[in-house]
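Everything on this sheet refers to the single structure shown next.
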There are 2 protein chains.
Amino acid sequence: MNEIFASRREKLRQAMRARGLDALLISQAANRFYLSGFELHDPQFNESAGRLVVTADGRDWLATDARYLDAAERLWDHDRIFIYGGGAAKELHGLLRRCGSRVGIEAQGVSLAFARALATAGPGLFIEAADGLVERLRRIKEPVEVAALEKSFALNHKMLQWVEGQLVPGRSEAEISWGIEQFFRQNGASELAFANIVAVGKNAALPHAIPGEDAITENCPVLIDVGCRVAYYCSDQTRTFWVGDAPTDQFRRALDLTRQAQTAAIEGMRPGMPMRMAYALAHDVFARAGVAAAFTHGLGHGVGLETHEAPSLSPRSEGALEPGMVVTVEPGLYYPQWGGIRWEYTVIVEEDGVRIL
Amino acid sequence: MNEIFASRREKLRQAMRARGLDALLISQAANRFYLSGFELHDPQFNESAGRLVVTADGRDWLATDARYLDAAERLWDHDRIFIYGGGAAKELHGLLRRCGSRVGIEAQGVSLAFARALATAGPGLFIEAADGLVERLRRIKEPVEVAALEKSFALNHKMLQWVEGQLVPGRSEAEISWGIEQFFRQNGASELAFANIVAVGKNAALPHAIPGEDAITENCPVLIDVGCRVAYYCSDQTRTFWVGDAPTDQFRRALDLTRQAQTAAIEGMRPGMPMRMAYALAHDVFARAGVAAAFTHGLGHGVGLETHEAPSLSPRSEGALEPGMVVTVEPGLYYPQWGGIRWEYTVIVEEDGVRIL
């Protein structure tokens, strides 16, 4: 694996040279892992497990605190591990000065407090925001990443087959959710990719619903939006089920339109298509049926080391689909009076279209 | 509960007035929840579930995106909910201008990118870093918080009694860890408070060890550092066990010294004592025994809505213990050759000393 991380850093180095950067300080956890294999997670939002200094001259540093020394040494040349103490920003300033003068930082990946401490730690550095360089690489999945994603989605499909049998009247959202989590964990997932959504009845109208004590009744809709992490990679899928044998006409019509919108997008998407056009393919189906106002979010987002990553498929998206991108296709219709429908597949863009993972 | 959140905002308002702030933008998730009951977690490190604007005049705002409108309305006056779209910083700038001109933000709770977007969204605001005002309130636990912490620690103690029977040769760290997680979840915890540490043999020498495939052998040490979240509040405890009937002299001596250091701290700690003195109580035991070099971290940290919060008990800590503070007391000794010992209780500071939770 170490060669893969090194080759990613080489690609990043090319982008850094084009920007004239001597060094790039990587703080965002998924970017750090992508470039080094070191720690996919930080322990808390305000605690870093470590940072990477990618340099124009190729002598990259892994900077962390003493807790992580052993983990760092399993991955990184001992002489290029930098251990900082309590004053991380000040010490990193010193390290960065040894790497050059023009330094990029991730403005979206550091706190204002850290950026200030770094900028005021001393003279000699020209610090600039250099976001998106790694995220841009991460949009195109390499074969090793596709293999991991396929494993993660295979388990997600297996779970969704299993869960249908669990949807019986009387069982609460929270019970179903815990069952899903156990299924994932006992079949190879390291964790959930994100907090489960299991939404019964009207709760399905909330794009963001927390599983609670509401229970399945005879004849009600249940929306399930869940993902697991396998081999470091996330999966993300949604299904909307009807429990009982008498689905309402509203439900059937909304489900039918949602699936039509999804099919239109998946059949139409191909390399070179603008992102916003992918969104329009689904939106047009809803618009023709006069229900577009009930489609209240974008069509999809990238999936990889993070559940939500670049690119996004919305009416405001820039750029076009490229082979190797992995994106969700998740149209939905929401009606606060009775509930909502969402159906989500994740697809990989290939040379001649897209393939469902 | 809503009165509790309102009374916390009143206390914050006093601190804001002393600083001359017209408004304080709360972004940090635990602070947001502490002041409003709204969403303890953000969906991803780079995605906010919403922000709070606490104002000097008492007309506070809950700002979020449309996904969270329903959740917001369960807690907050409809007329004071502000829904932003894609350009959150720009829209928040407009909201803040309606609240005054001198505005505090949490420099540790916002990204550099967000702070820049807010500062450049338009004229009329004097924005300053105003960190720690909420964290300072959170250090002193209210009765309702103590009750939640007691529940969380009661489950943690119950689990630690149970887990001792699970430590049998052949079982891997990862298996034990998953068993612990299931026990917590099936007995009332909403989630783990932090990633479990279950470290066998030499792995126990790593203060940060990820449970892996290493298995328990006949006669080996096992370090378990785990916590759960119950009623929103975290617990955090560590034990070090010897599996088998022939603990080594090294193990016994290190365990004995660690427990002595912990007892010295717990018996000595009381209101008014400087934080660094609490650390010194434990450190002195190790120093007298000539093993202080193997005690490589601080003595403890606050526990509440977050596992790691203020105050911290280290040689560099400022301030003194106060009634209502909840802190861990977790001395440890680490020996890369064979493993390590840590023993962690969490205590609440009371009028005449501390009580173990």
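Within the range A:240-247, is there a residue that is assigned by TED's automatic domain parsing to the domain that holds A:M159, within 23 Å of the chain's Cα centre (by Cα) and not in a helix (DSSP H, G or I)? Yes: the range A:240-247 contains one or more residues that are assigned by TED's automatic domain parsing to the domain that holds A:M159, within 23 Å of the chain's Cα centre (by Cα) and not in a helix (DSSP H, G or I). A residue that is more than 14 Å from chain B (Cβ to nearest Cβ), touching a residue at least 40 places away in the same chain (Cβ under 8 Å), farther than 26 Å from A:E135 by Cα and among the hydroxyl-bearing types (S, T, Y) occurs somewhere in the range A:256-267.
Checked against (1) closer than 25 Å to A:E145 by Cβ; (2) crowded, with 19+ Cβ neighbours inside 10 Å; (3) among the aromatic types (F, W, Y), A:F251 passes all but condition (1).
Within the range A:307-323, being surrounded by fewer than 20 Cβ atoms within 10 Å (Cβ to Cβ) and more than 14 Å from chain B (Cβ to nearest Cβ) holds for A:G319, A:A320, A:E322, A:P323.
Going by the structure shown, is B:I4 over 25 Å from A:H308 (Cβ atoms), more than 9 Å from chain A (Cβ to nearest Cβ) and at pLDDT 95 or above? The answer is yes for B:I4. Please work out if B:A115 is surrounded by fewer than 17 Cβ atoms within 10 Å (Cβ to Cβ), modelled with pLDDT of 95 or more, under 27 Å from A:N46 (Cα atoms) and aliphatic (A, V, I, L, M). Considered against the rule, which asks whether it is surrounded by fewer than 17 Cβ atoms within 10 Å (Cβ to Cβ), modelled with pLDDT of 95 or more, under 27 Å from A:N46 (Cα atoms) and aliphatic (A, V, I, L, M), B:A115 comes out as no.
Within the range B:119-131, the set of residues being under 19 Å from A:F45 (Cβ atoms) and either part of a helix (DSSP H, G or I) or in contact (Cβ under 8 Å) with a residue 60 or more places away in the chain (or both) comprises B:A130 only. For B:L137, the stated conditions do not hold, so it cannot be described as hydrophobic (A, V, I, L, M, F, W, C), on the phi < 0 side of the Ramachandran plot and in contact with a strand residue (DSSP E or B) (Cβ under 7 Å, 6 or more places away or on another chain). Scanning the range A:192-225 for residues that are in contact (Cβ under 8 Å) with a residue 60 or more places away in the chain, outside any helix (DSSP H, G or I) and surrounded by fewer than 20 Cβ atoms within 10 Å (Cβ to Cβ) turns up just one, A:F194. The single residue among B:A107, B:A72, B:A30, B:A113 that is within 12 Å of chain A (Cβ to nearest Cβ) and assigned to a loop (DSSP other than H, G, I, E, B) turns out to be B:A107. Using the structure shown, decide if B:T296 is at pLDDT below 95, β-branched (V, I, T), outside any strand (DSSP E or B) and surrounded by fewer than 21 Cβ atoms within 10 Å (Cβ to Cβ). Against the criterion (at pLDDT below 95, β-branched (V, I, T), outside any strand (DSSP E or B) and surrounded by fewer than 21 Cβ atoms within 10 Å (Cβ to Cβ)), B:T296 qualifies. In this structure, A:L281 does satisfy being surrounded by 17 or more Cβ atoms within 10 Å (Cβ to Cβ) and without any contact (Cβ under 8 Å) to a residue 24 or more places away in the chain. Screening the range A:33-50 for residues that are without any contact (Cβ under 8 Å) to a residue 24 or more places away in the chain and outside any strand (DSSP E or B) and picking the one that is farthest from the other protein chains (Cβ to nearest Cβ) gives A:G50. Among the residues of the range B:328-357, count how many are part of a strand (DSSP E or B), under 18 Å from B:G268 (Cβ atoms) and of a type outside the set (D, E). Of the residues in that region, 11 qualify.
The values are calculated or read from the model by the stated rules, or taken from the named source; none is laboratory data. Predicted, not measured: the structure shown is a model, and the values here were computed from it. All Cβ positions, glycine included, derive from the backbone under ideal geometry; neighbour counts span all protein chains shown.
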